[in-house]
Amino acid sequence: ATARHAALRGCVVTFRANPFVTAPHEALSIEEDGLILITDGKITHCGPYDQTRVFLQDGVNVKHYPNRLISAGFIDSHVHYPQLPVIASWGEELLAWLQQYVFPAEARFADKQVAQAIAKTFMAELLRNGTTTAAVYCTVHPHSVDAFFEESERIGTRMIAGKVLMDRLAPDNLRDTARTGYEQSKALIERWHGKGRQLYAVTPRFAITSTPEQLELAGDLYRSRDGLFMQTHLSENQKEIEEVARLFPNSTSYLDVYEQAGLVGPRAIFGHGIHLHEHDFQQCHDTGCALAHCPTSNFFLGSGLFRLFDAKAAHRPVHVGLGTDVGAGTSFSLLATMGEAYKVSLMAGAQRLHAIQAFWLATRGGAEALHLEDKIGTIAPGMEADLCVLNPEATPLLAVRARESKDVADLLFVLMTLGDDRCVEATWVNGQCVHERTDASPR
Ligand code: GUN
Ligand code: ZN
């Protein structure tokens, strides 16, 4: 039986404003000795321990995390679960890497048992890393979506996922047709969208592997139910961009291909968006879609540098989330992803990413990008109780460096620069502890 009530005590860090608009130190809220009360998976109270303890229900045990930071669970806005087995595959850029490593790995998902086994490992890996919501690509096989949502439902996570649509320029055993892809997606939407915490994303892989007819039908699906997501790839690699221009001679830009199919709008998530122009950013701003910044992947495949501060320009800010993009990404950790995003910011423009901005992108900013900010991404009454507990002293090196820290912002920077799953002491989902590091856990 699961307990209806829970309580966590520790240093609570969350957001009261957007640090790309407000000065970072004013945007971050820090409660050094905070108490979070939870009932039926939702936060009911959050405040200073001394003032909040009066609301504790009789008999509820307070889980105390001294010297730990409690954050909203991390949000991974772009990741491929079938690619878990081929993470860290050597030697190719995007299109050759897909052919050589990814398509063979995804073909193995024709067997549902393979999908079930990888879904289990994948979900456990997310939780080990403090990730509580992700926008996930499955494979072209409908049962790959069932396997994933079944595991997410068992744990209680809020997840976004969908069946990949590919009706051309992919191996025979990984292609659907515009019609079968539509029908299969429709059935999966009926089965999963809005079931408990599960949300469906219409998932055309990218413009190269879908015909204009398939993209058009994907647009019909995206509009067919309230709250549906759409996810795809956009402007990641130079050869990809040239191929898209060749395949869609009547489009004015890569983004325009998706626009013409009716795929650009709220809850549309575009992976990468590296080589975009001012006009594209304006269109993203106007339509409310989101870009997923995937720095470890963009380094790994040599794709380029995402211009985060151009995307976030005050006169037309674009929604941006952080994505690990595993298997092109090299880490499941949003901490490691933030650390790489900092390095990208140094290479891509004049402004450097602040630690507080990085943590906002991984939590509240990601939630806003997904239009889920009323449910996840901050620690406040009424929000769903998805949390991660961070240990800034998880290794001997971190312990020494943490002692030098003068404030929480500096500690956050240490965590994103040096941290990974070892720093995630516990992960809470829907008010239940679903991951806890013990001395027996691999360091
Ligand atoms: N573009 C089309 N498919 C993929 C994929 O699986 N990974 C990445 N990084 N880019 C893509
Ligand atoms: Zn991707």
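Over every pair of different alpha-carbon atoms in the stretch 74-332, take the mean of 1/r and invert it; report that Kirkwood radius in Å.
After inverting the mean inverse Cα-Cα distance, the result is 17.9 Å.
Excluding residues fewer than 8 places away in the same chain, name every one of the aspartates and glutamates whose C-alpha is closer than 20 Å to that of K312.
Cross-link targets: E26, D76, E236, E278, D280, D286, E340, E368, E373.
Which residues' amide hydrogens lie under 5 Å from the amide hydrogen of M166, considering only partners 5 or more residues apart or on another chain, with H built in the peptide plane?
Here the answer is D176, since their amide H atoms fall under 5 Å of that of M166.
In terms of Cα to Cα distance under 19 Å, which lysines are near enough to K163, apart from those fewer than 8 places away along the same chain?
Straight-distance partners of K163: K112, K120, K186, K195.
Taking N as the number of residues in the stretch 108-221, what value does Rg over Cα atoms divided by 2.2 N^0.38 Å take?
So the Cα radius of gyration is 1.04 times the expected 2.2 N^0.38 Å.
How many percent of all Cα-Cα pairs in the chain sit more than 43 Å apart?
When all Cα pairs of the chain are counted, 10 percent exceed 43 Å.
Taking the Cα centre of the chain as origin, work out the dipole magnitude from +1 charges on Lys and Arg Cβ and -1 charges on Asp and Glu Cβ, in debye rounded to 20.
With Lys and Arg at +1 and Asp and Glu at -1, about 620 debye.
Given the peptides 47-59, 406-418, arrange them by the average over their residues of other C-beta atoms within 10 Å, most packed first.
So the order, starting with the most tightly packed, is 406-418, 47-59.
Please identify the trypsin sites (Lys or Arg not before Pro) of the stretch 1-39 that satisfy two criteria: DSSP loop assignment and at most 16 other Cβ atoms within 10 Å. Which are they?
R4, R16
Among W360, W90, W428, determine the one that fluctuates most according to a GNM of the chain built with springs between C-alpha atoms less than 10 Å apart.
W90
Amide H neighbours of C294 under 5 Å, counting only residues 5+ apart in sequence or on other chains, H built in-plane at 1.01 Å?
H272, G323
Can you list the lysines whose alpha carbon sits under 25 Å from that of K63, skipping same-chain ones fewer than 8 residues off?
Here the lysines satisfying the reach criterion relative to K63 are K42, K375.
Using θ = phi - 60° and the Karplus curve 6.51 cos²θ - 1.76 cosθ + 1.60, what whole-Hz ³J(HN,Hα) does each residue of the stretch 212-218 get, with Gly and Pro shown as x?
The phi angles translate into x, 5, 5, 5, 4, 5, 4 Hz.
Would you kindly calculate the mean projected area, averaged across all directions, of the convex hull enclosing the Cα atoms of the stretch 253-327, in square nanometres?
4.9
Once each part is reduced to its C-alpha centroid, what is the distance from the stretch 320-362 to the stretch 189-262 in angstrom?
A separation of 24 Å, based on Cα centres.
In nm, to one decimal, how far is the modelled label at E213 from the one at A187, with both set 7 Å along Cα→Cβ?
According to this spin-label approximation, the distance is 2.0 nm.
Suppose every K and R has +1 on its Cβ and every D and E has -1 on its Cβ; what is the size of the dipole of the stretch 105-203 about the Cα centre, in Debye to the nearest 20?
Around 220 debye, computed over the stretch 105-203.
In terms of modelled amide H atoms, which long-range or inter-chain residues lie less than 5 Å from the amide H of F15?
S29, I379
By how many degrees, between 0 and 90 and to the nearest 10, does the Cα long axis of helix 408-418 differ from the longest principal axis of the chain?
It is inclined by approximately 50 degrees.
Tell me, what HN-Hα J-couplings in whole Hz come from the Karplus equation 6.51 cos²θ - 1.76 cosθ + 1.60 at θ = phi - 60° for each residue of the stretch 116-126, using x for Gly and Pro?
For the stretch 116-126, the Karplus-derived couplings read 5, 5, 5, 4, 4, 4, 4, 5, 4, 5, 4 Hz, x marking Gly and Pro.
Just so you know, all these numbers are worked out from the coordinates, no wet-lab data involved. No experiment lies behind these values; they were computed from the predicted model shown. Positions of Cβ are backbone-derived with ideal geometry, glycine not excepted, and every protein chain shown enters the neighbour counts.
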